[in-house]
1. Taking a label point 7 Å from the Cα of residue 199 along the Cα→Cβ vector, which residues of the range 119-136 have an amide N closer than 19 Å to it?
2. Between residue 75 and residue 188, how many nm apart are label points set 7 Å from Cα along the C-beta direction?
3. Sticking with the crude label model, points 7 Å out along Cα→Cβ, report the distance from residue 174 to residue 119 in nm, one decimal please.
4. Assuming 0.36 nm per residue, please report the length gained on full extension of the stretch residue 105 to residue 159 beyond their Cα-Cα distance.
5. Please state the shape class of the range 34-203: rounded when a/c is under 1.5, otherwise prolate if a/b exceeds b/c and oblate if not, all from the C-alpha gyration tensor.
6. Exposure proxy check: 35, 175 ranked by fewest other beta carbons within 10 Å?
7. For a footprinting-style exposure proxy, rank 39, 91, 173, 133 by other Cβ within 10 Å, fewest first.
8. Order these by the 10 Å Cβ neighbour count, fewest first: 147, 131.
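Nothing in this text is a laboratory measurement; each read-out follows from the coordinates by a stated rule. If you're wondering where the values come from, they're calculated on a predicted model, not measured in any experiment. Note: ideal-geometry Cβ built from the backbone for every residue, glycine included; neighbour counts use all protein chains shown.
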């Protein structure tokens with residue numbers, strides 16, 4: 001009850017910054033601790049491998065369940081779960097559109113988890129949602145660094161897919177065109193995702209402090 005009232009007060013202070021300043025209130029943001037970041041990284045990696053290996057071994061539902069479990073854990077430790085849930089939903093929608101586009105182009109194929117050949121595999125959409133649990137934690141340092149996000153996206157996006165291919169989660173039909181499209185797509189998508197993570201940040205905890213009053 002107390003934490004809920006504190007969070008509500010902090011949000012109100014953030015939304016009314018000028019009023020807060022007028023009455024002598026300063027607002028800062030408490031970021032995730034190093035321990036939380038390490039746990040988040042471990043959970044993310046475990047769920048990623050579970051999803052890819054599950055698809056590779058014709059068990060896409062098990063991999064998707066692992067991602068959902070990771071997401072549930074993330075919500076349980078987030079200051080404002082509703083915001084993180086919104087981020088998860090929006091990114092899953094973006095992932096569905098992007099991966100469906102890849103499927104329609106025919107440059108890649110998947111061994112399982114794709115009931116409709118022209119649509120994205122559901123476990124791939126889940127992986128996009130998995131990315132959402134990292135944006136406000138282990139990837140928080142990338143916020144507002146849009147150029148760097150674009151460069152890293154162009155490199156890490158295709159590299160991650162190549163890793164999935166090596167594990168058997170997908171196959172290249174036309175390797176070069178697929179990688180070029182992925183690099184260009186992620187160069188645009190990563191900055192956009194970082195912007196969304198600022199819009200829906202349920203991890204950082206606002207802290208309100210009274211400024212020292214002059215005697």
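1. 128-136, by backbone N distance to the label point.
2. For residue 75 paired with residue 188, the spin-label model returns 3.1 nm.
3. Label at residue 174, label at residue 119, 2.5 nm between them.
4. Numbers: separation 54, 0.36 × 54 = 19.44 nm, distance 1.94 nm.
Here the segment from residue 105 to residue 159 would lengthen by 17.5 nm.
5. Numbers: a/c = 1.80, a/b = 1.30, b/c = 1.39.
Oblate, because a/c is 1.5 or more while a/b does not exceed b/c.
6. 35, 175
7. Details: 39 17, 91 24, 173 12, 133 27.
Fewest-to-most Cβ neighbours within 10 Å comes out as 173, 39, 91, 133.
8. Working: 147 8, 131 22.
Lowest to highest Cβ neighbour count: 147, 131.
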